[in-house]
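Down below is the structure, laid out as structure tokens.
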Amino acid sequence: MKACEFGFNFAQNIGAEVVLLHVYFTPIYASSLPYGDVFNYQLSDEENVKNILQKVHSDLNALSDKVKEKVASGEFPNVKYTCVLREGIPEEEILRYAKEYRPRIIIMGTRGKNQKDIDLIGSVTAEVIERSRIPVLAIPENTPFKQFAEVKRIAFITNFDQRDLIAFDSLINSFKSFHFSVSLIHLADVKDTWNEIKLGGIKEYFQKQHPQLDIHYDVIENDDFLNTFDKYIKSNHIDIITLTSYKRNIFSRLFNPGIARKMIFHSDTPLLVICGRSS
């Protein structure tokens, strides 16, 4: 519901419609895939596909009713929305839908830092983040704010790659109706003065391109990246972490096996991932 709330508020701000997309497992997939408590449609011998479909439709109707209640009470803005149901492997169908319909953004939920295990809702979000060409916003359950309009400061992680420039421009252009400052962050294992010089150069470049934007920059040096970065987020009041989704450089270091999931689930700070490609 937190991701839902964020999505409805975002749609209102940019004049868009909302699609509530739910993908469900069929018996073909159910025996071989892990899944969380939310979308657990497990089959016993006497159940059949009809039962599964009834359960799925019932859950989607319940969600839709909840949304209607929140719209009626004024908790959600009154924007046009539709429900879409698809059968298959969640991450594959979400990516397929995004390729077909090219939404402005994909908004998904995560459990946040207090979850015991990485369940379906987390692993699907991580998989979509790594492969999507559409911006993906992962919203932890305990995110303290309800809409992008409340965001005051964004951390943009850069590895001095050309694709970062494309992603940064995409970030600013996509969210130009909102007002926030940006902290350019470079993650380094060892101290290197060139890192600060390069960051300063990137800041100057971006400042010329976007003179209205308040931009800061910092180098975070530590081999214990997750904890150091977490402290930085808290002390600098970062509302959203942004990075690019290309595989090499930043992603190969941050998103090697296990780290992608840790990054997404480590804090209650939303993660916005933008494709660093020109097409």
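Structure notes:
- Residue satisfying condition, being modelled with pLDDT of 90 or more and touching a Leu at 6+ places or on another chain (Cβ under 6 Å), within set I240, I215: I240
- As a summary of the residue check, G109 satisfies the conditions (1) over 30 Å from K203 (Cβ atoms); (2) modelled with pLDDT of 85 or more; (3) of a type outside the set (A, V, I, L, M, F, W, C); (4) assigned to a helix (DSSP H, G or I) except for the one numbered (4).
- Every pair of residues 6+ apart whose Cβ atoms lie under 8 Å, when the first sits in the range 185-202 and is over 20 Å from N236 (Cα atoms) while the second is open to solvent by 90 Å² or more (accessible area, probe 1.4 Å): D189/D223
- Sole residue being modelled with pLDDT under 60, among the basic types (K, R) and not in a helix (DSSP H, G or I), chosen from R261, R248: R248
- The range 89-104 - residue that is of a type in the set (D, E, K, R) and not in a helix (DSSP H, G or I) and, of those, surrounded by the fewest Cβ atoms within 10 Å (Cβ to Cβ): R102
- The range 191-245, residues that are among the charged types (D, E, K, R), open to solvent by less than 60 Å² (accessible area, probe 1.4 Å) and not in a loop (DSSP other than H, G, I, E, B): K203, D218, D230
- Of residues in the range 11-37 being in a helix (DSSP H, G or I), farther than 15 Å from V71 by Cβ and modelled with pLDDT of 90 or more, the one least open to solvent (accessible area, probe 1.4 Å): I14
- Per the listing L53, L85, the residue uniquely within 25 Å of the chain's Cα centre (by Cα), over 16 Å from K2 (Cα atoms) and of a type in the set (A, V, I, L, M) is L85.
- Summed over the range 143-185, residues that are outside any helix (DSSP H, G or I) and either under 19 Å from I106 (Cα atoms) or of a type in the set (A, V, I, L, M, F, W, C) (or both) total 18.
- Near pairs, Cβ below 9 angstrom, 6+ apart or cross-chain, from the range 77-97 (within 17 Å of A126 (Cβ to Cβ)) to any residue that is modelled with pLDDT of 90 or more and basic (K, R): E93/R86; I94/R86
The values are calculated or read from the model by the stated rules, or taken from the named source; none is laboratory data. Given the structure is predicted, the values throughout are model-derived calculations rather than measurements. Note that each Cβ is placed from the backbone with ideal geometry, even for glycine, and that neighbours are counted across all protein chains shown. Heavy atoms of the whole protein, side chains included, go into the accessibility calculation; ligands, DNA and RNA do not. Shrake-Rupley method; radii C 1.70, N 1.55, O 1.52, S 1.80 Å.
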